[in-house]
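Let me begin by presenting the structure, written as structure tokens, before commenting on it.
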Amino acid sequence: MRKLWVVIGTGLCALALAQAVQKTYRLLINGQAASGQAVVVGGKTYVSLDALKAAGVGVSLSGSTLSLTLPGAPQAQGGANQVAALEGCLNEWLFNGIWRFRVLSVEPLPPGGRGGWKAKVELRNGTNVNGAALAGTGWQGLLLALDNGNTVESGYVQMRDKPFAQGTGMVQEAVFYSKETDRTPTKLLLLLEPKKMLTTLPVRYSVADPSFRVRLDCRK
């Protein structure tokens, strides 16, 4: 069966992809990596209905009518809710059972060089186990979400492979290079996948979704 796709914009409409894909994006749903990709066709960005379903959107097709029900809408069947996740503001400590994390600042890179942003972040080992590292606890990436829905990934994160003794941590300045300097960063995401943790570690996350999402429009 041919897949239906919907356009991201002021409205959502169903259509079949008949033009060549010009570009693809890695797809995140509630900050979690999703199967499939978002594709650009004719200058517009599309995601599959399967991705919308995974995000909690109700989807039904009757004849020539495609109906979408957003999570939390009064008419939603069963009141679908997004997966619980750790979300906070700038300078707010968040804890997922293993890691304590906060974002201290996000600023544009200095003029005269490559465009983008720099973020000062702090990570601490919140367990009583020595030698814990992000790389062994399901690390998926450090991303900056922009106001147009695009994300920018930091290419080098020093704290990713560094082992931390209990209670210790570090402050790092992560760089996000981008040509979309006219956009505004809205969230910083540290993505973690519990299923990809080392099985030899004697620690576990205390929440189902241990990823951190920090809103940049508020400060604690």
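Here are some notes:
- Positive-pole candidate from ASN128, LEU146, TYR156, dipole of the stretch 107-164, charges at beta carbon: ASN128
- Using a Förster distance of 22 Å, the FRET efficiency for ARG114-THR184 (Cβ separation, nearest 0.05): 0.75
- By the rule of a C-alpha distance below 16 Å, with chain neighbours fewer than 8 residues away ignored, the lysines paired with LYS220 are LYS120, LYS187.
- Förster-model FRET efficiency, 35 Å R0, LEU198 and GLN22, C-beta, rounded to 0.05: 0.35
- Taking 12 Å as the straight-line reach from the Cα of LYS118, the aspartates and glutamates in range (excluding those fewer than 8 positions away in the same chain) are GLU107, GLU153, GLU173.
- Qualifying aspartates and glutamates (Cα of each under 14 Å from Cα of LYS196; at least 8 residues distant if same chain): ASP209
- Point-to-point label distance, PHE95-ARG160, nm (Cα→Cβ direction, 7 Å offset): 2.8
- Taking 0.36 nm per residue of separation and subtracting the current Cα-Cα distance, fully stretching the chain between THR168 and SER105 would add 20.6 nm.
- Projecting label points 7 angstrom from Cα along Cα→Cβ for ALA208 and SER35 puts them 1.9 nm apart.
- Taking amide H as placed 1.01 Å from N in the peptide plane, the amide H of ALA38 sits under 5 Å from that of TYR25, LEU27, each at least 5 places away or on another chain.
- Equivalent ellipsoid semi-axes, the stretch 91-186, via Cα gyration tensor eigenvalues times 5, rooted, Å: 27, 12, 12
Any read-out appearing in this document is the output of simple, stated calculations on the displayed coordinates, not a laboratory observation. Just so it is clear, the structure is predicted and the values come from calculations on it, not from any experiment. Heads up, the Cβs are rebuilt from the backbone with ideal geometry, glycines too, and the neighbour counts pull from every protein chain shown.
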